[in-house]
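*Asks:* Dropping the structure in here first, questions after.
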Ligand SMILES: [Ca+2]
């Protein structure tokens, strides 16, 4: 969860980071060196100059405020934030995509839905069948969706990210790229995540510098941000601890719990096929609410969307989901509230469609 795949919304998978790296311009990062304490790391010939946050007054002020808010030892919080290192790669990865970047669902899909990921999904499903069935029974979220999420996020734990979470969150809290259109809002967001993360590690008595994650600080097999970990992660294998790195049961239960919290409705399809009646098509009106399900079947079809079969019996609101294909014709589907629920994990319809299609491909392979 939580970076921005394309220009709209946030998200955070390590895999999506790869897409961004491939498409981001090389923007040189302006270092505010005068505020950094310089630390020599390593004593060998290849010593690297690292910049920590101990001499950044706003970071130390935040540490004191946070310690007071959370009733934590201020010296411990100051020490942790003070030892965090600025990571320029994190800043670079958080830059908005180049203006010339063209959204392309076919390219996006090919990155996430491939034979290796599908095979890994089959193995994951078979190994974790009991937990997936229990999660489906208790939370109403199908195995297919949970398998799709964990596959798109980290290839079933293969790529959970190698950034120190402490460095990533502290860098984004205090040095979020100013060129970003919502830099102020995002930097406030990451301050909140840093606070949640430190409190969580303190509570679990784990050194905050041990945790590794995505460049945005997302952790474990499901890439939960700290605030999501605090709110939605659970101990699904009953061993008394929540472990989203090593316990596949905890991961499965936590993802299902997340979806339930975001209004997943058992039994509802994620989307339906849609075509258009050009004689009465009001595309502007259909696109206006973006991915937020807004239209009844009657108002959707009155504006020129054509549904058939079970879609005509759908009782909840629908959204017109547009997937651009670069220079080729875009694709459209009618998204339900469950499609929208997947975008609460990662705010992108391209992401949601990848999760759905990966889960479907894995399920199809399971049946063969
Ligand atoms: Ca557990």
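*Asks:* Kindly check whether there is at least one residue in region 94-106 that is under 15 Å from residue 354 (Cα atoms) and in a helix (DSSP H, G or I). So that I can check it myself, show each step before the final result.
*Replies:* The first filter runs over region 94-106 and keeps only residues under 15 Å from residue 354 (Cα atoms), leaving 103-106.
Still in the list and also in a helix (DSSP H, G or I): 105-106.
Checked region 94-106: at least one residue is under 15 Å from residue 354 (Cα atoms) and in a helix (DSSP H, G or I).
*Asks:* Additional query: Could you check, for region 106-124, whether at least one of its residues is within 19 Å of residue 257 (Cβ to Cβ) and at pLDDT 95 or above?
*Replies:* Applying the first criterion (within 19 Å of residue 257 (Cβ to Cβ)) to region 106-124 yields 124.
Of the ones still in play, those that are also at pLDDT 95 or above are 124.
Within region 106-124 (the criterion being within 19 Å of residue 257 (Cβ to Cβ) and at pLDDT 95 or above), the answer is yes, since at least one residue qualifies.
*Asks:* Identify, please: which residue in region 250-263 is more than 7 Å from the ligand (Cβ to nearest atom) and surrounded by 22 or more Cβ atoms within 10 Å (Cβ to Cβ) and is, among those, nearest to residue 293 (Cα to Cα)?
*Replies:* Within region 250-263, the subset more than 7 Å from the ligand (Cβ to nearest atom) is 251-263.
From what is left, the residues that are surrounded by 22 or more Cβ atoms within 10 Å (Cβ to Cβ) are 251-256, 258-259.
Values: 251: 28, 252: 26, 253: 26, 254: 25, 255: 22, 256: 21, 258: 19, 259: 16 Å.
Applying the filter and picking the extreme gives 259.
*Asks:* Something else about it: So which of 208, 142 is over 17 Å from the mean Cα position of the chain (by Cα), over 16 Å from residue 362 (Cβ atoms), modelled with pLDDT of 95 or more and buried (at least 19 other Cβ atoms within 10 Å of the Cβ)?
*Replies:* Selected residue: 208, the only one of 208, 142 that is over 17 Å from the mean Cα position of the chain (by Cα), over 16 Å from residue 362 (Cβ atoms), modelled with pLDDT of 95 or more and buried (at least 19 other Cβ atoms within 10 Å of the Cβ).
*Asks:* Based on what the data block shows, is residue 179 farther than 26 Å from residue 79 by Cα and within 16 Å of the ligand (Cβ to nearest atom)?
*Replies:* No, not satisfied.
*Asks:* Those residues that are more than 30 Å from residue 327 (Cβ to Cβ), free of Cβ contacts under 8 Å to residues at least 12 places away in the same chain and exposed (fewer than 15 other Cβ atoms within 10 Å of the Cβ), I need them from region 58-111; list them, please.
*Replies:* Taking region 58-111 and keeping what is more than 30 Å from residue 327 (Cβ to Cβ), we get 58-91.
Now narrow it down to the ones that are free of Cβ contacts under 8 Å to residues at least 12 places away in the same chain: 61, 65, 67-68, 71, 73-75, 79.
Residues satisfying the conditions are 61, 65, 68, 71, 73, 74, 75, 79.
*Asks:* Quick check on my filter: what residues within region 206-227 are part of a loop (DSSP other than H, G, I, E, B) and within 16 Å of the ligand (Cβ to nearest atom)?
*Replies:* Result: 206, 220, 221, 222.
*Asks:* Further question on the same structure: Could you check region 228-249 and list, in sequence order, the residues that are within 9 Å of the ligand (Cβ to nearest atom), surrounded by fewer than 19 Cβ atoms within 10 Å (Cβ to Cβ) and in contact (Cβ under 8 Å) with a residue 40 or more places away in the chain?
*Replies:* Selection gives 237 alone.
*Asks:* Being surrounded by fewer than 23 Cβ atoms within 10 Å (Cβ to Cβ), within 21 Å of residue 80 (Cα to Cα) and at pLDDT 95 or above is the requirement here; does residue 164 meet it?
*Replies:* yes
*Asks:* Of all residues being surrounded by 24 or more Cβ atoms within 10 Å (Cβ to Cβ) and touching a helix residue (DSSP H, G or I) at 6+ places or on another chain (Cβ under 6 Å) in region 350-368, which is farthest from residue 125 (Cα to Cα)? Just the residue, please.
*Replies:* Here the answer is 350.
*Asks:* Is it the case, given these coordinates, that residue 190 is more than 16 Å from the ligand (Cβ to nearest atom), in contact with a helix residue (DSSP H, G or I) (Cβ under 8 Å, 6 or more places away or on another chain), assigned to a loop (DSSP other than H, G, I, E, B) and within 21 Å of residue 88 (Cα to Cα)?
*Replies:* Answer is no for this residue.
The values are calculated or read from the model by the stated rules, or taken from the named source; none is laboratory data. Quick caveat, the model's predicted, so the values are computed rather than measured. Methodologically, a virtual Cβ is constructed for each residue, glycine included, from the backbone with ideal geometry; neighbour enumeration extends over all protein chains shown.
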